[in-house]
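Below is one structure, written out as structure tokens; the observations come after it.
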Amino acid sequence: MKIFFTLLLIPLGPVVFAQKLETLTVEKIMRDPKWMGVSPSNIRWSDDSKNIYFNWNPNKTERDELFAITPANIKPAKVSIDDQKVLPPQFGEWNKKHTLKLYEKNGDIFLSAIKTGKTKQLTSTTDRENNPAFSGDETKVLFTRGDNLYALNLDGGELIQLTNFTHPAAGATPAAAPQVAGRRGGGQGTAGSARTSQIAGNEQERWLKGQQMELFDIITVKDKDKKLDSIERKELEPKKLKEIAIGDQTVGNVTLSPDGRFITYRLVKMPTDAKRTNVPDYVTASGFTEEIPNRTKVGASQATYQSYIFDTQRDTIYSIVTSAIPGIKDLPDYVKDYPAELEQRTRRNEDRKVMIQGPYWSDDGKNAVIVIIAQDNKDRWIMKLDPTTGKLTPLDREHNDAWVGGPGRRNLGWVDNTHFYFESEASGYAHIYLIDVTDGTKKQLTSGNWEVQTLQLSADKKTFYFTANIEHPGITHFYSIPSTGGGPVKITSMKGINVVSLSPDEKWLAINYSYTNKPNELYIQPNKPGAVAVQVTNSTTDEYKSYPWRDPQLITFKNRYGSDVYAHLYLPAKPDPARPAVVFVHGAGYLQNVMYGWSSSYLREYMFNNMLADNGYTVLDVDYSGSAGYGRDWRTAIYRHMGGKDLSDQVDGVKMLVDKYGVNPKHVGLYGGSYGGFITLMAMFTEPDVFAAGGAIRSVTDWAHYNHGYTDEILNEPFNDEKAYRQSSPIYFADGLKGNLLMLHGMVDQNVNYQDIVRLTQRLIELHKDNWELASYPVEDHGFVQPSSWTDEYKRIYKLFEQTLKAK
């Protein structure tokens, strides 16, 4: 066994390669990606729709720079620093007519008038103001400062504080009962004597006061005047803003109803017992090892939430009532595997913990909708809120025994004062729904075995614009439908991946377009079906263009369950006599990599796959079970068993390569990073007769040590579903290793901590395995940055494949 520690080496001068790529090598393709050209990014429109801004680096400068074009002049021009200083941020809050925009910048609130182009700074304080919004009648600007909500009158500038949330004063402690020192028996007698003396003193004072009132009229008159003065002062006092004591909780999501009557807010109780990891940083400017505070692990105590309504008219506060939500006491299906736990939880009969999003108010203020998320991830409810009582009426419930998810979870809002739209996977794919909140009537606006991936309602609320993969799972286009429903109208036409930014006036599309072997470029097109998209940028270098990058075949094969699996296939022009094959496993789990578009997340792996094919390897890149783009059932196929169907899809892909393309079954390897590294480990440990070699990069080795937000959706929590963690974690299967395993990991990885790979290393040592290696990278986080690290990493992986998959 060998353990490598790769140090960051800084070359004395620039590494220069010929401008023509005749032969791919690891050193060439793992350089700083600027050698390929830098694609435009962060594409956005100006508020008046006259300019498109984007980050770009056509000259290979140290950093990307800001450029701009107009629909009439598409020649990119740099935006000066002075001009950048006055640019409003991309996001903000529009008024109903889309003529005014509120935004926060550097902790202050600004108001921009689109027609005149003038911007007015509304606040200039040392405090930080956030979350600006228009009041229902648009005469005031609402914003938060600290915990509290304020209203600024646009006509006159009067500032009104609307809430008064209070915390305990620093160092304050609750009042405690008096403590009297004393011994048993005698001590209690002493305390009793003191209480008797105190009562006697009070009686004496009351008697003397009564005597004075009886004997002297002047005292009676003064007492009467004092009482009248008190009553008068109270009547003249301005009404004080109600204090809302929130203790040690944090407050958020503070909103005002359009009619100004109801203030809603959410209190969050943060856990105090959640232990966090620390990541040691060894290569530091100080010369000392420094600790980077990091995250908790799955199963740690989580925040709890409670939402409230402050009825300012009645000066009353009450909670939003969640106890009557349909299914609030339902137990997750997996508990059936644990009879004792099932019995205990059934007996407790507790409400599940939830978090409330919203309310979302109709423009007229007559209807309010909230979204409720179960913290066990099994349900999402859409409910109508009665703000006068806090009671709820069900409108929609989306339940999933695995977990509720998919694209478009935040795509929701009002089409008019009675119809609310949202996305749901109820049909098996993410689609648009419209519900009448007055009678609960629900209408599905889109349907089919495809997903609505982005969604935007037009300013006049008559049209939905959305991105979807209707034609093919790996092709996205921009579509429109009437907001009342109808057939989708395709607006874009270029085959590939079209990421669209619609201009605020809805006349133009800025398209970030790519194809499988063509990196992203900016195009502009009128917002009309069939209109021609004009290319704006040309980012790739001559050196990149000099190589005939493959357009890998996009194929499907049947897995053992009869489902179609989509994959990219790289075929060698001259297969090596050993007929080797390599499977690349994309990361993230829920990600789509097999498409007719450029994979910006895996550009280096794309080039490496081309290099492997040049050297006689057949390469397969699979969108395995759990990948994005294929609907609910594919997304949740890994529930409670990561390393199950997602791995068997790789194995079935290898069988296809052997049967159809003549690959030698004894000469198959695989590699991947993050989730791809996890699959590589599971493959090497549980399918040792299928995979002879594996390169596992930044791999999860034990899901009980990963973060909560990702892991508990798929595997629940380790202390309540241990079975799921045991069958999903490579560390439990390490004894199955037969082939040659190379593990590679950054030592300052703040996502999959370096501790993960260290624990597996110790496990392999204790199992007396000797056919593995570990390469460690002292300065790298989860996503490697330094070209020297990338180069070292992939030289080792390539060497592994050359030595093990081409052996006779």
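The values are calculated or read from the model by the stated rules, or taken from the named source; none is laboratory data. Please read all numbers here as calculations on a predicted model, not as lab measurements. FYI the Cβ positions are ideal-geometry reconstructions off the backbone, even for glycines, and counts take in every protein chain you see. Heavy atoms of the whole protein, side chains included, go into the accessibility calculation; ligands, DNA and RNA do not. Shrake-Rupley method; radii C 1.70, N 1.55, O 1.52, S 1.80 Å.
Some points to look at:
- Largest first, the extents of the alpha carbon coordinates of segment 608-669 on the three principal axes equal 37, 22, 18 Å.
- Note on His472: accessible area is roughly 40 Å² with a 1.4 Å probe, heavy atoms of protein only.
- Of Ile160, Leu612, Pro529, farthest towards positive along the dipole that unit charges on Lys, Arg, Asp, Glu beta carbons give the chain: Leu612
- Computed about its Cα centre, the charge dipole of the chain is approximately 400 debye, with only Lys, Arg, Asp and Glu carrying charge at their Cβ.
- Which of Trp634, Trp772 is most accessible, then next, and so on - probe 1.4 Å: Trp634, Trp772
- Charge tally for Leu455 (other residues, Cβ to Cβ under 12 Å; Lys, Arg +1; Asp, Glu -1): 0.
- Identified option (computed Kirkwood radius over Cα pairs in Å; candidates [x] 29.3; [y] 27.9; [z] 31.1): [z]
- Kirkwood Rh in Å, taken over segment 664-808 so that all alpha-carbon pairs contribute: 15.4
- Using C-alpha pairs under 8 Å with a sequence gap of at least 6, the mean separation divided by the residue count of segment 121-165 gives a relative contact order of 25 percent.
- Cα gyration tensor shape of segment 718-791, rounded if a/c is under 1.5, else prolate or oblate by comparing a/b with b/c: oblate
- The trypsin sites (Lys or Arg not before Pro) of segment 435-475 that DSSP puts in a loop, and whose beta carbon has at most 16 other beta carbons within 10 Å, are Lys461, Lys462.
- Test item: Cα-centred dipole of segment 599-659, Lys/Arg +1 and Asp/Glu -1 on Cβ, debye: 280
- Cleavage-rule hits, GluC sites (Glu not before Pro), segment 69-170, DSSP coil, Cβ neighbours within 10 Å at most 14: Glu138, Glu158
- For Ile435, net neighbour charge (Lys/Arg +1, Asp/Glu -1) across residues whose Cβ lies under 10 Å away: 0
- Residue pairs, from the table Lys518/Lys738; Lys353/Lys461; Lys738/Lys808; Lys738/Lys806, whose Cα atoms sit over 29 Å apart: Lys518/Lys738; Lys353/Lys461
- Within the assembled protein chains, the solvent-accessible surface assigned to Thr346 is about 80 Å², based on a 1.4 Å probe.
- Accessible area in square angstrom per residue, the chain, 1.4 angstrom probe: 49
- Working from Cα pairs under 8 Å separated by at least six residues, relative contact order for the chain is 11 percent.
- Our compactness index for segment 388-486, the C-alpha radius of gyration over the empirical 2.2 N^0.38 Å, is 1.11.
- When Met270, Met607 are compared by accessible area at a 1.4 angstrom probe, the order from most to least is Met270, Met607.
- Counting every pair of alpha carbons in segment 441-517, the share spaced more than 17 Å apart comes to 44 percent.
- Counting Lys and Arg as +1 and Asp and Glu as -1 over every other residue whose Cβ lies under 13 Å from the Cβ of Gly626, the net charge comes to -1.
- Positive dipole terminus of segment 63-155, leading residue within Ala77, Leu100, Val141 (C-beta point charges): Ala77
- Using a probe of 1.4 Å on the protein chains alone, the accessible area found for Asp551 is around 70 Å².
- P(r) tail fraction, segment 62-151 - alpha-carbon pairs more than 21 Å apart, %: 42
- Helical runs (DSSP H, four residues minimum) scored at -39500 (n - 2.57) apiece and divided by the length of the chain put the mean residue ellipticity at 222 nm at -6500 deg cm²/dmol.
- Dipole of the chain, positive direction: furthest Cα of Leu434, Ser362, Ile372, with charges on the beta-carbon: Leu434
- Beta bridges from DSSP with both residues in segment 651-808: antiparallel share about 0 percent, rounded to the nearest 5.
- Segment 100-159 gives an Rg/Rh value of 0.94, both radii derived from C-alpha positions and Rh following Kirkwood.
- Peptides 281-292, 106-117, 334-345 ordered by average Cβ neighbours within 10 Å, highest first: 106-117, 334-345, 281-292
- Anisotropy class of segment 427-561 from Cα gyration tensor, a/c 1.5 cut: oblate
- Over segment 246-326, relative contact order from alpha-carbon pairs under 8 Å, at least 6 apart, %: 28
- Largest to smallest accessible area among Ile218, Ile679, Ile470 [probe 1.4 Å]: Ile218, Ile470, Ile679
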